[in-house]
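Taken together, the values in this text are just the output of simple stated rules run on the coordinates, not laboratory data. As the structure is a computational prediction, the values presented were derived from the model and not from experiment. In this analysis, Cβ positions are derived from the backbone assuming ideal geometry, glycine residues included, and neighbour counts consider all displayed protein chains.
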Amino acid sequence: MLLVMRKIQICNGLEVCINATQITKGMKTGPLESGESSSDATPAKLMISVVAVLDFMLRILAAAGTLGSAMAMGTTEETVPLFPQSILLNAEYSDLPMFTFFVIANSVACAYLVLSLPLSFYHIIRTAAKSSRIILVMFDTVMLALVTAGASTAAAIVYLAHKGNANANWFAICQQFNSFCEHTSGSLIGSFAAAFVLILIIITSAIASSQW
């Protein structure tokens, strides 16, 4: 609504004119701003809802990947006989600090992802939440760095176990500890997959935050 101010003159019989102000109401021509904003907000809210559901599902996948990797590495152990048969060689993940760090990193990331599920579900209900999304993005980035560091460190040891290093006189052990190497190699797949899913989670959170 627009208020229009107009100057009018009121004259009596003595021709004395008094200035008065008349206020009239008018309608603004053109489309309503409220209508425009509501029509523009509807696709944005729909997109945020879809992104929130996708974020929830991705967190479940990432939690499953980190949990599987931690369990696969944490249960890795193999004992092989050495000539003569009375000598036994044992290999387990705790023998190497890099594998221990890998288990801890994936366990911490899995616990965080599980704890973040209620907040992610809250974003499905309350699409207007923005501050909590920013907080999640910050923690997601930290977890991505942690998982990537653990997976990269373990991958370097697994590569040496398979290939060895002649210059450093490090011999490949996977010919003797075949099962041990298979378990450690398999655990890397889930961890790197979880890192990739965490990247997607950060991207979806950034998209949802940018819509407001």
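Assorted remarks:
- Charge-dipole axis of the stretch 78-212 as Lys and Arg at +1 and Asp and Glu at -1 on Cβ define it, positive-most pick from Ile202, Leu113, Ala168: Ile202
- Full extension of the chain between Tyr122 and Ile157 gives 8.5 nm of extra length, using 0.36 nm per residue less the Cα-Cα distance.
- For the stretch 158-212, a/c is not less than 1.5, where a ≥ b ≥ c are the root eigenvalues of the C-alpha gyration tensor, and a/b does not top b/c. That puts it in the oblate class.
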